[in-house]
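Just so it is clear, none of the values below were taken in a lab; they were calculated from the coordinates. Remember, predicted model here, so these are calculated numbers, not experimental data. For neighbour counting, all protein chains shown are included, and Cβ atoms are generated from backbone atoms with ideal geometry for every residue, glycine included.
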Amino acid sequence: MGRWEPDARGRLLKAAFELYGERGFDQTTVAEIAQRAGLTERTFFRHFADKREVLFAGAGALQDLLVSTVAKAPESMTPIEAAAAGVEAAGAAIQETGQLARQRQAIVLTSAELRERELIKLSSLAAALAHTLRRRGVEEPEASLAAEAGMAVFRIAFERWVADAAPGDLPQLIRESLERLKAVTAGGRAVAAGRRE
């Protein structure tokens, strides 16, 4: 019987990210991750269903944060404002992980399988967001429109944040993206024409 090892989950995460960065996601095995972490494959599977889940393990907590923030948002907020509050809270949580979020995204972009899983995750977040807006009394299709728009705002801001060599404040980028969306939908061609001048 092996002795207890502290922070097995953290060690597995660190080992997986290192190996994915060095060898690529597709070329890395669970056995290699466990070996790098100084643990057994059995220990790996106690913490993660498979090697993809190492990269998506925080999705449930992120969804819980998004949903609870929207549910607690003031009733005076419009549906898109409530959705934006949720994605801004999610952005703040992601920003706290710092370089790990950027490293994770770089790994995801190297694999079609992981990009597909990322799209599924974003779709699940949008569905949870729409459900929460409906529970707040928002009718359809407005609830789904606000949820999808909120997730688009999040995705665009996140991509800007990851791409920036000296990244700014992710929640601020989310707010800026929302303001740009509002300007586009309110001004249409006038906004685009104003930028060309």
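Details
- For trypsin sites (Lys or Arg not before Pro), the sites in the stretch 81-162 that DSSP calls loop and that have at most 15 other Cβ atoms within 10 Å are Arg136.
- The angle separating the long axis of helix 79-97 from the principal Cα axis of greatest extent in the chain is about 30 degrees.
- Pairs of Cα atoms in the chain fall into 10 Å distance bins, from 0 up to the last occupied one, in shares of 9, 30, 30, 20, 9, 2, 0, 0 percent.
- When the Gaussian network model of the chain links Cα atoms closer than 10 Å, the mean-square fluctuations of Ala147, Ala92, Ala82 top out at Ala92.
- A Gaussian network model of the chain, with springs between Cα atoms under 10 Å, assigns the largest mean-square fluctuation among Ala183, Ala130, Ala89 to Ala183.
- Within the stretch 5-82, GluC sites (Glu not before Pro) in DSSP loop having at most 15 other beta-carbon neighbours inside 10 Å: Glu75
- Proportion of all alpha-carbon pairs of the stretch 27-130 beyond 23 Å (%): 39 percent
- Degrees separating the helix 170-187 axis from the principal Cα axis of the chain, which is the longest one: 30 degrees
- Local electrostatic count at Glu140 - Lys and Arg +1, Asp and Glu -1, tallied over other residues with Cβ under 15 Å: 0
- 19 Å reach of a label modelled at Ala112, 7 Å along Cα-to-Cβ, counting backbone N of the stretch 10-37: 24-28
- Summing +1 for each Lys or Arg and -1 for each Asp or Glu among the other residues whose beta-carbon sits under 12 angstrom from that of Glu176 gives +1.
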